[in-house]
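The values are calculated or read from the model by the stated rules, or taken from the named source; none is laboratory data. Nothing here was measured: the structure is a model prediction, and the numbers come from that model. Note: ideal-geometry Cβ built from the backbone for every residue, glycine included; neighbour counts use all protein chains shown.
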Amino acid sequence: MSAAGRAVETAEQTAAEVEAAEKFIADLIARGEAVEVDRKRDATEEPLPPGATHEIHRDDKGEPVVRRRRYSAF
């Protein structure tokens, strides 16, 4: 597994860190740069919609996991 696909074990997050992460995800979705996917299927085989660069799925704990799949060329 690549480093980008591994979960990083860290100490408990502060409220500010959690808020910043939630805002980052919400902003990605609002700008159309991320789509939520069902990880029960192989999402890498599904093309992302135009403008989307990230996919978001839920881990076993229900926490969102953001993964960059491509870069934007603008």
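Summary of computed values
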item	result
Cβ pairs under 9 Å, 6+ apart, first in segment 61-74 and free of Cβ contacts under 8 Å to residues at least 60 places away in the same chain, second among the acidic types (Asp, Glu) and part of a loop (DSSP other than H, G, I, E, B)	VAL65/ASP59; SER72/GLU33
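For (1) surrounded by 11 or more Cβ atoms within 10 Å (Cβ to Cβ); (2) part of a strand (DSSP E or B); (3) at pLDDT 90 or above, each residue gets a yes or a no:
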| position | (1), (2), (3) |
| --- | --- |
| GLN13 | yes, no, no |
| ALA21 | yes, no, yes |
| LEU28 | yes, no, yes |
| VAL35 | yes, yes, yes |
| ARG39 | yes, no, no |
